[in-house]
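Asker: One structure is given below, represented as structure tokens, and several questions about it will come after.
The values are calculated or read from the model by the stated rules, or taken from the named source; none is laboratory data. Predicted model, so just to flag it, every value in this text is computed and none were measured. A quick note on method: Cβ atoms are made from the backbone with ideal geometry, for glycine too, and the neighbour counts reach across all protein chains shown.
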Amino acid sequence: MNGDPMSSDSAHFTVLQRALHWLMAIGILAMLFIGVGMVSTVAPKYLPLVETHKTLGIAILVLALFRLAVRFIYGSPPLPASMPAPMKLAAHLSHYGLYALMIGMPLIGWAMLSAGAYPVVLYGGIRLPAILPQSDQLHALLWQAHVYLAFAFFALILMHLAAGLFHALIRRDGVFESMSPLPAGTRPETTPAE
Ligand code: HEM
Ligand code: HEM
């Protein structure tokens, strides 16, 4: 794999895809903790936390849409032939779930505030338009969806993390290296499981 952000080989995601993956992983984990932290505080830091939550959440939405487009253009390395079919299916389904939540969660947050007739104001005073008309029922429904899907997101991320470590440490089949954050040359070589 060379340093060209657009170049790919059959075994690795492109540099751009790997950079987006790890940048967004940090951003999304931060969002989950900021979300839980802000709803459990009545201190004055509530307001800056909500502003950070909204701004980072919308940034994740934009990055996720960009990442999806990049994924359509550059594809992904094939999963190893040694992987059993049900494991491949689980990998694909969980990746669909992660993309759906990366895009769905910010949209639900935005829609929930719109339905509650709250202004959606980001850093720098950037004000986003409402994407739903005011409705108390919708506001309550979307608020519940935002909370429960956040827990589902966290659970899916933990499973994904466990799967990534299973590939890296036990199967050693190159799947983890395909998304490795380390530049080429500094990555440990993998020895395929027999
Ligand atoms: C990846 C994106 C996002 C994630 C992972 C996320 C996660 C969370 C979490 C974990 C909570 C706390 C739920 C609870 O325990 O009650 C929360 C609350 C909330 N989120 Fe998000 N969120 C995201 C995007 C957004 C966006 C884009 C907005 C608005 C534009 C937003 C607005 C809110 C609001 C208003 C609350 C509730 C605050 C309160 O009840 O005091 N979220 N979010
Ligand atoms: C918030 C956290 C994370 C999210 C939302 C996330 C999301 C994703 C998504 C959507 C893919 C599929 C890539 C594609 O086909 O376009 C992927 C692949 C991958 N992720 Fe994550 N990821 C997260 C954290 C992690 C962590 C912590 C690890 C480390 C163990 C990891 C390891 C991998 C690996 C090895 C792949 C490649 C799998 C393959 O070849 O299909 N991810 N991730």
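Asker: State yes or no: is Ala30 closer than 12 Å to Met102 by Cβ, near ligand 1 (Cβ under 10 Å from one of its atoms) and either free of Cβ contacts under 8 Å to residues at least 40 places away in the same chain or surrounded by fewer than 17 Cβ atoms within 10 Å (Cβ to Cβ) (or both)?
Answerer: No, not satisfied.
Asker: Which ones in the stretch 75-130 are over 21 Å from Ala11 (Cα atoms) and outside any helix (DSSP H, G or I)?
Answerer: Within the stretch 75-130, Gly116, Ala117, Tyr118, Pro119, Val120, Val121, Leu122, Ile126, Arg127, Leu128, Pro129, Ala130 meet the criteria.
Asker: On to the next question. So how many residues does the stretch 31-60 have that are of a type outside the set (A, V, I, L, M), closer than 16 Å to Phe154 by Cβ and part of a helix (DSSP H, G or I)?
Answerer: Total meeting the criteria: 5.
Asker: Could you figure out which of (1) at pLDDT 95 or above; (2) not in a helix (DSSP H, G or I) isn't true of Phe176?
Answerer: (2)
Asker: Limited to the stretch 102-158, what total is found for residues that are of a type in the set (S, T, N, Q) and surrounded by fewer than 13 Cβ atoms within 10 Å (Cβ to Cβ)?
Answerer: Taking the stretch 102-158 as the starting set, the residues that turn out to be of a type in the set (S, T, N, Q) are 114, 134-135, 137, 144.
Next, only the ones that are surrounded by fewer than 13 Cβ atoms within 10 Å (Cβ to Cβ) stay: 134, 137, 144.
The qualifying residues number 3.
Asker: Using the structure shown, decide if Ala69 is assigned to a helix (DSSP H, G or I) and either within 7 Å of ligand 1 (Cβ to nearest atom) or loosely packed, with under 14 Cβ neighbours inside 10 Å (or both).
Answerer: On the way: assigned to a helix (DSSP H, G or I): yes; either within 7 Å of ligand 1 (Cβ to nearest atom) or loosely packed, with under 14 Cβ neighbours inside 10 Å (or both): yes.
It is true that Ala69 is assigned to a helix (DSSP H, G or I) and either within 7 Å of ligand 1 (Cβ to nearest atom) or loosely packed, with under 14 Cβ neighbours inside 10 Å (or both).
Asker: What residue, among those in the stretch 26-81 that are over 16 Å from Val121 (Cα atoms) and among the polar types (S, T, N, Q), is modelled with the highest pLDDT?
Answerer: Across the stretch 26-81, the extreme among qualifying residues is Ser76.
Asker: Let me ask something else about it. Could you grab me the full set of residues in the stretch 135-176 that are closer than 30 Å to Gly116 by Cβ and among the charged types (D, E, K, R)?
Answerer: Across the stretch 135-176, the qualifying residue is only Asp136.
Asker: Any chance you could count how many residues in the stretch 133-165 are away from ligand 1 (no atom under 12 Å from the Cβ) and either over 20 Å from the mean Cα position of the chain (by Cα) or charged (D, E, K, R) (or both)?
Answerer: Residues in the stretch 133-165 being away from ligand 1 (no atom under 12 Å from the Cβ) and either over 20 Å from the mean Cα position of the chain (by Cα) or charged (D, E, K, R) (or both): 7 in total.
Asker: Looking for something on the phi < 0 side of the Ramachandran plot, free of Cβ contacts under 8 Å to residues at least 12 places away in the same chain and within 12 Å of ligand 2 (Cβ to nearest atom) - is there at least one such residue anywhere in the stretch 98-114?
Answerer: Checked against the condition, which is being on the phi < 0 side of the Ramachandran plot, free of Cβ contacts under 8 Å to residues at least 12 places away in the same chain and within 12 Å of ligand 2 (Cβ to nearest atom), the stretch 98-114 yields at least one hit.
Asker: If you check Leu101 against the conditions, is it over 20 Å from Leu49 (Cβ atoms), within 16 Å of ligand 1 (Cβ to nearest atom), modelled with pLDDT of 95 or more and of a type in the set (A, V, I, L, M, F, W, C)?
Answerer: The answer is yes for Leu101.
Asker: Let me ask you something else. Look at the stretch 48-62 and say how many of its residues are crowded, with 16+ Cβ neighbours inside 10 Å and under 17 Å from His21 (Cα atoms).
Answerer: The total comes to 6.
Asker: Sticking with this one: So is Ser40 near ligand 1 (Cβ under 9 Å from one of its atoms) and among the polar types (S, T, N, Q) or not?
Answerer: Answer is yes for this residue.
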